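Undergrad: Let me give you the structure first, and then I'll get to my questions.
The values are calculated or read from the model by the stated rules, or taken from the named source; none is laboratory data. Owing to the predicted nature of the structure, the values given are computational and were not obtained by experimental measurement. As a convention, Cβ positions derive from the backbone with ideal geometry for all residues, glycine included, and neighbour counts pool all protein chains shown. Remember, those area values only see protein heavy atoms, side chains included, never the ligands or the DNA or RNA. Shrake-Rupley method; radii C 1.70, N 1.55, O 1.52, S 1.80 Å.
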Amino acid sequence: MRSIHPLKAPMIQSFNCILPHEPPVALILGSLPSVASLTEQQYYAHPHNAFWRIIEALFADGQPLTYPQRIDVLKRQRIALWDVIAHAERHGSLDSAIQADTVIPNDIVGLLAAYPSITTIYLNGGAAATLFKRHIAKQLSATVQVIPLPSTSPANARIGFEVKLGRWGVIKDNV
């Protein structure tokens, strides 16, 4: 009799880091792109993810923007955008489905060495914070401030948009 093995999870590849033209002063880190983001080839593409609504509220007077305009807003604010994970195996979009033994982190330490102007890292959600602590934090200098923020994911429905916006407002205060 054959043994039945669960299907191997697909390897998910992160996007390239988005960097402003001027030296960045802040870095926002997510965990790993969702299925919607991978399909659209855009950070935070799920229509119910609050990330871009928050960025638009903080830096564009709440005006809805196109994806290129959203990226331009981050760049003008000197905010870089990336993920903690370079690649890992995962079924679906949930961070809880990331297979821990397959995680390869992005070279965030190298990014910080190349851009010492980055003084603050904002972590988008608990998974990003946990992954950052596990794979990156021990290699950082004490001069970089790390601020965990509530996840903008639609899976984080226990916190409403206004509360998320209030907590994420710390970015506007620091750039």
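Undergrad: For Ile79, all conditions in the list (1) at pLDDT below 95; (2) surrounded by 19 or more Cβ atoms within 10 Å (Cβ to Cβ); (3) under 16 Å from the mean Cα position of the chain (by Cα); (4) closer than 26 Å to Gln139 by Cα hold save one; what is the number of the exception?
TA: Exception for Ile79: condition (1).
Undergrad: Among the residues of region 50-66, is there at least one that is farther than 28 Å from Arg158 by Cβ, surrounded by 14 or more Cβ atoms within 10 Å (Cβ to Cβ), under 15 Å from the mean Cα position of the chain (by Cα) and not hydroxyl-bearing (Ser, Thr, Tyr)?
TA: Within region 50-66, none of the residues are farther than 28 Å from Arg158 by Cβ, surrounded by 14 or more Cβ atoms within 10 Å (Cβ to Cβ), under 15 Å from the mean Cα position of the chain (by Cα) and not hydroxyl-bearing (Ser, Thr, Tyr).
Undergrad: Report the residue count in region 148-160 for those that are modelled with pLDDT of 95 or more and open to solvent by 30 Å² or more (accessible area, probe 1.4 Å).
TA: Count: 1.
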